[in-house]
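Student: Sharing a structure, written as structure tokens. Questions coming.
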Amino acid sequence: MIETYKKYETLIKTLVLFLAWAAFYSLMPDIGAKGVTPSYTTEAIISLVLAVGFIVYILPILVAGLDSFRMFITSPIFKRRWSKFRTLKRGYYAFWLIIGLFVVSLFAEFLINGNAIMVKYHGEYHFTLFKFVSARTFGMRGYGMPNYRMMKDVFKVRNNERAERLKAGTVTDEDRQYEKWGEDWVWLTLYPYSPLESLLDELPTRPPHPPTWLTGQWREAYVGESLYNLPDFLPTPEEITNNFKRPDWVNLEPAQLYLQMAQAGMLELKPEVKQPGTFQHILGTDDRGRDVFSRMVYGFRISLSFALLVTFFCYLIGITIGAMLGYYGGKFDIIMQRFVEIWSAMPFLYTVMIFAAIMIPNFWMLVLILVVFKWMAMTYYIRAEFLREKSRDYVSAARAIGCTDGAIIFRHILPNSLTPVISFAPFAVVANIGALVSLDFLGFGLPAPTPSWGELLGQGLGNLTKPWLILSPTLAMFLTLLLVSFVGEAIREAFDPKQYSRLR
Amino acid sequence: MYSYFIRRFLLMIPTFIGITLLCFIVTRYVPGGPVEQAVLRYQQTMANSGEGGGGSSGSDMQQGQISEEMMNQLKAIYGFDKNPFEAYLRWLWRVLHFDLGTSDTYGRPVWDLIVEKFPISIIFGLSGFVLSYLICIPLGVWKAVKHGSAFDTSSSILVFIAYSIPGWTAGVLLLMLLGGHAFLDIVPSGNKESGFINESSRLALFLQDGAQVADLPEEIRKEFPKLRDNQTINSNHPAFKHVPADKHFKLKTGSHSDLCIVGRVLDTMWHMILPVFCYVLGMFASSTVLMKNSLMENLGQDYVRTAFAKGLSERTVIFKHALRNSLIPIATGLGHMLSLILAGSYLIEKVFNINGFGLLGYESLIARDYPVTLGILVIGSMLKLFGNIVSDFLYCIIDPRIRFS
């Protein structure tokens, strides 16, 4: 890998320089927006400096680090441990399951989305998922995103009407054109509700709505909102016993009787009220009328990518600093170790709470805050590994043949000291998911409309009588953390072979 | 070795300064602080009074307008008029004299607030901690002794489950399941003691919260001379301390102050069950696994082999030789106890609405009450620093092989 890099070094660096410059340049206005807006030339200069710094200092380290990770992975000892890991079925299957779920959740837009994938209207195909199409294009009212679920129903009704007109022989001009165009249709996603979309307009009664398969609860709510067509006269006791075969209803108060009748499905809804389908909202809706299931799935994606990113950056910084401490030692080691000690004495949760409460961060800011207060853990392990490996013979040999410090660090020592990284990573992911959920729960996490488990749990604490708001995030979190800790346990067993020999 | 500890103590000073300076600067430079909030409050009240038609406000107090002079006064009140480093030094100087300032929202000294709330958190945290050690140490030992058996595997499942549910999440779940909201009504759902009214007590009819003392019949009022006419009745009021207790063990329905000592203790314990369970759950997995692994490691050592070779019974070897050594990592955990307890308390106290240290910190952050926030940060970080040193010290005392230098 490093050879390929060396071969095309100039080409790669030019390309990356351009990309980095473009990236920094596009990020610049955000940075400038707070105070004075810098002119475009200063922006260009600053972004150029940043990009060059990135290329000259960061990129070689990243490439070398990636290369030593490759060496670590291709080493025979890793392969042996990996085959050991594969024999631990529980962890191995959990590993693939969690990766599979994460990959699927990355494509959640194609599966769980209020936006339709494709629409055919007037013979034209619209790829609505990729390109915004205003409602007016489809002959609906408004300029925003159309409600595709409603549009599907409307198209169906229109198609039926057209078919009837065709049968009756009263064909209009439009109908003749439709013969050329073909029928309109909407290709909805598998679960057509977005996580951010409030469904208050579509659903009767107040949110949070129960899961739709709990029909009894819905009927009860309908009674409370008087959405049923009540019969003009109460049934007489004889009618109740004869028709409904429910003698225990005979002595009920009228309100109770209507409630019982509604729950048994004996009352008709008022014509303007639409009964939701059986599995329309499989986990109900939250207190702003947004679908819980879709928020759960998007929350899974955000939690896991957040945890993975925080773990990755923490380890990047932790490994770099730990390696420098272990390899160079001396005064730098002593001073830096004191600094790490000071830094890790911060009360983690409260400090992060303070920062998040005051700054009101977005996703990347929150990643940054957590990384700033969490990178220390890995330095200890890597430093210890480096101290141990430094005195080995192969390092002396490498130094004797004239390897540079960089070559010794990246090609010799680092590949041999990455075991703690692998065996601690799953537990770090668990801890980071927990941290994000806690912060969201307290209201210091991701900003408001972002789908997140912690925010849902916070809603659940405010609505303790609505179990679906508590059970769904708790179960989702439990299953995710369980899977990840299964993986972690198996990896630890495969990579940290502590033989507990019982002697007796 | 003593020089090591002296150095550790000296190192506390830069650590403390670093932590507080960082947070102090952040509170200074980020908008939305107490001054802005005060201005907002002022503008809102002015807008409201303007609607009421009261036009008697001063000439410089027009709606939504705040004069330069007033702004400076506000800044002076909240200590924002000096440059941040000078302000920080002043603040530090006061902290060294145990003066953490005055809370903006409560209007009371921060130190008093913290002292008031601290015992509540400590009671919950400490009982959770003790209980978790009482459960985890025997369980860990038993798991290590029976390593690989059915008991070990089945309790490992329990450990996995406990690891995958953060304590406070389980708190929300149990509150919903058992707290009488959605399913069962078994445990009380918040507070430290019952505030409900005992139906059999004589004052029961009048102890409705919100009723006026003047409403009480004359003969009952005579028994409670401390009550004044304009007071609102509150079942927790100290005046009701001596209400005779008819049924001591009516925990769910009785008022806490209606009960005798035993009853009060039981009542408090009953109210503490769920939060303490959450604390235990939070520490359960890590403590059990730590205990098990450390005993397993010791059981593989040569001195255990020697002890077996001497012909000692398994019981003696495990409990007299191996267990002692394997308790070292557990014992050093005592040092981290306080900070661990506080870390858990932010979430658990929020869930159960326990009026303790963590909830105070949370609410001060919501209200942007910076003196309280910084005060809690000071106490929290001091406890953590002391905890680190104490755990090192315990390590030294317990394990004579370890010499810090």
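The values are calculated or read from the model by the stated rules, or taken from the named source; none is laboratory data. A quick note: this is a predicted structure, and the numbers were derived from the prediction, not measured. When we count neighbours, we look across all protein chains shown, and the Cβ atoms used for this are built from the backbone with ideal geometry, even at glycine. Keep in mind that these areas ignore ligands, DNA and RNA; they rest on the heavy atoms of the full protein, side chains included. Shrake-Rupley method; radii C 1.70, N 1.55, O 1.52, S 1.80 Å.
So that you can scan it fast, the table gives a plain yes or no per residue for (1) open to solvent by less than 40 Å² (accessible area, probe 1.4 Å); (2) touching a helix residue (DSSP H, G or I) at 6+ places or on another chain (Cβ under 8 Å); (3) modelled with pLDDT of 85 or more; (4) on the phi < 0 side of the Ramachandran plot:
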position: A:E238; (1), (2), (3), (4): no, no, no, yes
position: A:V250; (1), (2), (3), (4): no, yes, no, yes
position: A:M266; (1), (2), (3), (4): no, yes, no, yes
position: A:G277; (1), (2), (3), (4): yes, no, no, yes
position: A:L283; (1), (2), (3), (4): no, yes, yes, yes
position: A:D286; (1), (2), (3), (4): yes, yes, yes, yes
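Student: Could we say that B:S381 is among the small types (G, A, S), more than 17 Å from the chain's Cα centre (by Cα) and either in a helix (DSSP H, G or I) or modelled with pLDDT of 85 or more (or both) here? Steps first, answer last, please.
Tutor: Numbers: among the small types (G, A, S): yes; more than 17 Å from the chain's Cα centre (by Cα): no; either in a helix (DSSP H, G or I) or modelled with pLDDT of 85 or more (or both): yes.
Criteria not met by B:S381.
Student: crowded, with 23+ Cβ neighbours inside 10 Å and facing chain B (nearest Cβ under 8 Å): which single residue out of A:G460, A:G445, A:G454 fits that description? Write out each step before concluding.
Tutor: Details: A:G445 fails: facing chain B (nearest Cβ under 8 Å); A:G454 fails: facing chain B (nearest Cβ under 8 Å).
The unique qualifying residue is A:G460.
Student: Return the residues of the stretch A:307-317 that are open to solvent by less than 10 Å² (accessible area, probe 1.4 Å) and either over 15 Å from A:A377 (Cβ atoms) or not in a helix (DSSP H, G or I) (or both); say none if nothing qualifies.
Tutor: none
Student: Can I ask one more? So which of B:V159, B:V172, B:V145, B:V141 ends up being within 9 Å of chain A (Cβ to nearest Cβ) and open to solvent by less than 60 Å² (accessible area, probe 1.4 Å)?
Tutor: Working: B:V159 fails: within 9 Å of chain A (Cβ to nearest Cβ); B:V145 fails: within 9 Å of chain A (Cβ to nearest Cβ); B:V141 fails: within 9 Å of chain A (Cβ to nearest Cβ).
Result: B:V172 is the single residue among B:V159, B:V172, B:V145, B:V141 that is within 9 Å of chain A (Cβ to nearest Cβ) and open to solvent by less than 60 Å² (accessible area, probe 1.4 Å).
Student: Moving to a separate point now. In the stretch A:145-159, which residues are open to solvent by less than 40 Å² (accessible area, probe 1.4 Å) and more than 12 Å from A:N115 (Cβ to Cβ)?
Tutor: Of everything in the stretch A:145-159, those that are open to solvent by less than 40 Å² (accessible area, probe 1.4 Å) and more than 12 Å from A:N115 (Cβ to Cβ) turn out to be A:F155, A:N159.
Student: Would you call A:T320 in a helix (DSSP H, G or I) and out of contact with any helix residue (DSSP H, G or I) (no Cβ under 7 Å at 6 or more places or on another chain)? Spell out the reasoning first.
Tutor: On the way: in a helix (DSSP H, G or I): yes; out of contact with any helix residue (DSSP H, G or I) (no Cβ under 7 Å at 6 or more places or on another chain): yes.
For A:T320, the condition - in a helix (DSSP H, G or I) and out of contact with any helix residue (DSSP H, G or I) (no Cβ under 7 Å at 6 or more places or on another chain) - is met.
Student: Yes or no: the stretch A:194-203 includes at least one residue that is more than 18 Å from A:L469 (Cα to Cα) and out of contact with any Pro (no Cβ under 7 Å at 6 or more places or on another chain).
Tutor: Initially, the stretch A:194-203 is screened for residues more than 18 Å from A:L469 (Cα to Cα), giving A:201-202.
Retained after the next criterion (residues that are out of contact with any Pro (no Cβ under 7 Å at 6 or more places or on another chain)): A:201-202.
Yes, some residue in the stretch A:194-203 is more than 18 Å from A:L469 (Cα to Cα) and out of contact with any Pro (no Cβ under 7 Å at 6 or more places or on another chain).
Student: Still on this structure: Test A:S417 against the stated conditions and say whether it is touching a helix residue (DSSP H, G or I) at 6+ places or on another chain (Cβ under 9 Å), at pLDDT 90 or above and open to solvent by less than 20 Å² (accessible area, probe 1.4 Å).
Tutor: Details: touching a helix residue (DSSP H, G or I) at 6+ places or on another chain (Cβ under 9 Å): yes; at pLDDT 90 or above: no; open to solvent by less than 20 Å² (accessible area, probe 1.4 Å): yes.
No, not satisfied.
Student: Also: Only one of A:R162, A:R176, A:R136 is of a type in the set (K, R) and either part of a loop (DSSP other than H, G, I, E, B) or surrounded by 15 or more Cβ atoms within 10 Å (Cβ to Cβ) (or both); which?
Tutor: A:R162
Student: Let me ask something else about it. Take the conditions under 14 Å from A:V310 (Cα atoms), in a helix (DSSP H, G or I) and within 14 Å of chain B (Cβ to nearest Cβ) and apply them to A:A425. Does it pass?
Tutor: On the way: under 14 Å from A:V310 (Cα atoms): yes; in a helix (DSSP H, G or I): yes; within 14 Å of chain B (Cβ to nearest Cβ): no.
It is false that A:A425 is under 14 Å from A:V310 (Cα atoms), in a helix (DSSP H, G or I) and within 14 Å of chain B (Cβ to nearest Cβ).
Student: Give the stretch B:290-319 a look and list any residue that's aliphatic (A, V, I, L, M) and either surrounded by fewer than 17 Cβ atoms within 10 Å (Cβ to Cβ) or in a loop (DSSP other than H, G, I, E, B) (or both), or say none. It would help to see each step written out before you state the result.
Tutor: Pass one, the stretch B:290-319, residues aliphatic (A, V, I, L, M): B:290-291, B:295-296, B:299, B:304, B:307, B:309, B:312, B:317-318.
Scanning the stretch B:290-319 gives B:A309, B:L312.
Student: Which count do you get for residues in the stretch B:73-105 that are among the hydroxyl-bearing types (S, T, Y), outside any loop (DSSP other than H, G, I, E, B) and within 15 Å of B:I376 (Cβ to Cβ)? Before you say what the answer is, go through the steps one by one.
Tutor: Step one: filter the stretch B:73-105 for residues among the hydroxyl-bearing types (S, T, Y), giving B:78, B:88, B:102-103, B:105.
Filter once more, keeping what is outside any loop (DSSP other than H, G, I, E, B): B:88, B:102.
Still in the list and also within 15 Å of B:I376 (Cβ to Cβ): B:102.
Number of matching residues: 1.
Student: Counting just the residues of the stretch A:331-343 that are of a type outside the set (A, V, I, L, M, F, W, C) and within 14 Å of chain B (Cβ to nearest Cβ), which one comes out nearest to the chain's Cα centre (by Cα)?
Tutor: Initially, the stretch A:331-343 is screened for residues of a type outside the set (A, V, I, L, M, F, W, C), giving A:331, A:333, A:337-338, A:341.
Those still in the list that are within 14 Å of chain B (Cβ to nearest Cβ) too: A:337-338, A:341.
Working: A:Q337: 36, A:R338: 37, A:E341: 33 Å.
Step by step, filter the stretch A:331-343, then rank; the result is A:E341.
Student: Follow-up question, since we're still on this one. Filtering the stretch A:485-497 down to residues that are open to solvent by 10 Å² or more (accessible area, probe 1.4 Å) and facing chain B (nearest Cβ under 9 Å), which residue is nearest to B:F352 (Cα to Cα)?
Tutor: Here the answer is A:F486.
Student: OK, next. Hey, any hits in the stretch A:458-475 for a residue that's touching a residue at least 12 places away in the same chain (Cβ under 8 Å), part of a helix (DSSP H, G or I) and either among the acidic types (D, E) or not assigned by TED's automatic domain parsing to the domain that holds A:W96 (or both)?
Tutor: No: zero hits.
Student: On to the next question. Tell me which helices (runs of 4 or more DSSP H) are completely within the stretch A:344-401 and hold 2 or more residues being within 11 Å of another protein chain (Cβ to nearest Cβ), or say none if there are none. Reasoning before the result, please.
Tutor: On the way: elements: A:348-359, A:363-374, A:376-390, A:393-400.
By residue number, A:348-359, A:363-374.
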